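Written below as structure tokens is the structure these notes are about.
The values are calculated or read from the model by the stated rules, or taken from the named source; none is laboratory data. Fair warning: this is a prediction, and the values are worked out from it, not measured in the lab. Methodologically, a virtual Cβ is constructed for each residue, glycine included, from the backbone with ideal geometry; neighbour enumeration extends over all protein chains shown.
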Amino acid sequence: MKAAVVHELGKAPVYGDFEEPVPAGDEVRVHVTASALTNFTKLRALGKHYSFSSKPPFVVGIDGIGTLDDGRRVYFLFPRAPFGGMAERTVVSASRCMSIPDGLDDVKLAALADPGMSAWVALEARAKMIPGETVLINGATGSAGGIAVQIAKHLGARRIIVTGRNKEVLDHLRSIGADQIVVLGPDGSAPEDALRQHFRQRIDVVLDYLWGPSALQIIAAASAGEATTPVRFVQLGLAGGATVTLPGGLLRSSAIEIMGSGIGSVAADEIFTIIGKLMSAAPTARFELATTPLPLNRIEEAWAAAANAPRIVLTLDHRQPRPNFERRFGIRRFWNARSRRP
């Protein structure tokens, strides 16, 4: 079968042949139709993420959308190594495979799964957000932050504040749920007076996708006697810097709780349960996420795309063209027409 295969750690995967997966025990075979290329997927494939230790060769991709041998449409998570989501077929434990509702196509669901799950887990499982609370999303201009705005609104946030350097994107976030914006400077710093004013008005939960200078400023603002209630600060990403120097006095001077969210801090079963909630909500919530679908054989091009590009989903189509269409229009024209259907 064809797959996106890593032959050497630290190097990009290539499109090529890989052994056919055979289910064992409680596993099922999935005929993959779409799998998202996320930063998490890249880090694991490059051997730079703590949650993955497989040796090459292996197929990249932690999840995706596909069909079982019986035709059931499913979402799957964590295929058995060395198999992955970016292949024609993969194998996964039946307990990591769920039926998905109609209403959204495979590409949109595949793109939504990782950032939507990350935000939902952070808000529900880690911060224990209660409807009516105020959420500050630090670094909301990326695709993950944009989905976090929509998830927070869906879960009942009363007020949502977003930060980022791109004011145009921040202004757009108002149309999908954000209430107020804070524009970060070129160095990633935030206006201290603005942060303190927001804390005076109450912030209950912080989702931090940046770390670095802006995260430290948020912690300082919450610790300067400005926070009117305890603040749950959830760390999710490192786009603004891998480390901060955090004086102990900042923690002693306020009721701030700092925690991370991800594999290790949340049980895999709880993550999978929350993905089920996300998939069930998606058809009616209509979460907005810019996505670029590419065929699997363009994995090297997708891998080299800019980090701030629309979320890329690698696609595979197992449907067979009907002979009359193939003769009359040619396979390529037939498939392009199918792909434009709503």
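Residues that are over 28 Å from Val6 (Cβ atoms) and either within 21 Å of the chain's Cα centre (by Cα) or at pLDDT 90 or above (or both): find the strands (runs of 3 or more DSSP E) completely inside segment 252-342 holding 2 or more of those. Break it down into steps so the answer makes sense when it comes.
Numbers: elements: 256-260, 291-295, 311-315.
The qualifying strands (runs of 3 or more DSSP E) are 256-260.
What number of residues in segment 201-219 are in a helix (DSSP H, G or I) and under 17 Å from Ile160 (Cβ atoms)?
The first filter runs over segment 201-219 and keeps only residues in a helix (DSSP H, G or I), leaving 201, 212-219.
Subsequent filtering for residues that are under 17 Å from Ile160 (Cβ atoms) retains 201, 214, 218.
Counting residues in segment 201-219 that are in a helix (DSSP H, G or I) and under 17 Å from Ile160 (Cβ atoms) gives 3.
Would you check if Lys11 is farther than 23 Å from Asp106 by Cα, of a type in the set (Lys, Arg) and in the same structural domain as Cys97 (by TED's automatic domain parsing)? Step through it out loud before you land on a result.
On the way: farther than 23 Å from Asp106 by Cα: yes; of a type in the set (Lys, Arg): yes; in the same structural domain as Cys97 (by TED's automatic domain parsing): yes.
Yes: the conditions hold for Lys11.
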Handout entry: Meets criteria (modelled with pLDDT under 85, in the same structural domain as Leu316 (by TED's automatic domain parsing) and surrounded by fewer than 16 Cβ atoms within 10 Å (Cβ to Cβ)) for Gly25
Key = no
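Could you list all residues from segment 69-120 that are at positive phi and in contact (Cβ under 8 Å) with a residue 24 or more places away in the chain? Can you show your working first?
To start, the set of residues in segment 69-120 that are at positive phi comprises 71, 78, 103.
Matches in segment 69-120: Phe78, Gly103.
Looking only at segment 55-69, which residues are assigned to a loop (DSSP other than H, G, I, E, B) and over 22 Å from the mean Cα position of the chain (by Cα)? If you could, list the steps in order and put the result at the bottom.
In the first step, residues of segment 55-69 are kept if they are assigned to a loop (DSSP other than H, G, I, E, B); the result is 55-57, 60-62, 69.
Hits for segment 55-69 are Lys55, Pro56, Pro57, Asp69.
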Exercise for the section: Might you let me know whether segment 243-261 holds any residue that is touching a Pro at 6+ places or on another chain (Cβ under 6 Å) and either of a type in the set (A, V, I, L, M, F, W, C) or within 21 Å of Asp179 (Cα to Cα) (or both)? Expected result: yes
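Test Ala222 against the stated conditions and say whether it is among the small types (Gly, Ala, Ser) and in a helix (DSSP H, G or I). I'd like the intermediate steps shown before the answer.
Details: among the small types (Gly, Ala, Ser): yes; in a helix (DSSP H, G or I): yes.
Yes, satisfied.
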Practice task
Considering (1) surrounded by 21 or more Cβ atoms within 10 Å (Cβ to Cβ); (2) over 26 Å from the mean Cα position of the chain (by Cα), say which one Thr229 fails and leave the rest.
Solution key: (1)
Problem - Where Gly241 falls short, out of the listed (1) buried (at least 18 other Cβ atoms within 10 Å of the Cβ); (2) in a loop (DSSP other than H, G, I, E, B); (3) of a type in the set (Gly, Ala, Ser) - result: (1)
Exercise for the section: Within segment 252-261, identify whether any single residue is surrounded by fewer than 14 Cβ atoms within 10 Å (Cβ to Cβ) and of a type in the set (Ser, Thr, Tyr), and answer yes or no. Expected result: no
Handout entry: Total residues in segment 171-194, condition polar (S, T, N, Q) and part of a helix (DSSP H, G or I)
Key = 0
Practice task
Enumerate the pairs (first residue in segment 210-235 and more than 23 Å from Glu124 (Cβ to Cβ) and in the same structural domain as Val135 (by TED's automatic domain parsing); second residue anywhere and among the small types (Gly, Ala, Ser) and modelled with pLDDT of 90 or more) with beta-carbon separation below 8 Å, excluding pairs fewer than 6 apart on the same chain, so at least 6 apart or on different chains.
Solution key: Ser214/Gly139
Practice task
Hey, could you check segment 96-148 for residues that are polar (S, T, N, Q) and not assigned by TED's automatic domain parsing to the domain that holds Thr315 and say which is surrounded by the fewest Cβ atoms within 10 Å (Cβ to Cβ)?
Solution key: Ser143
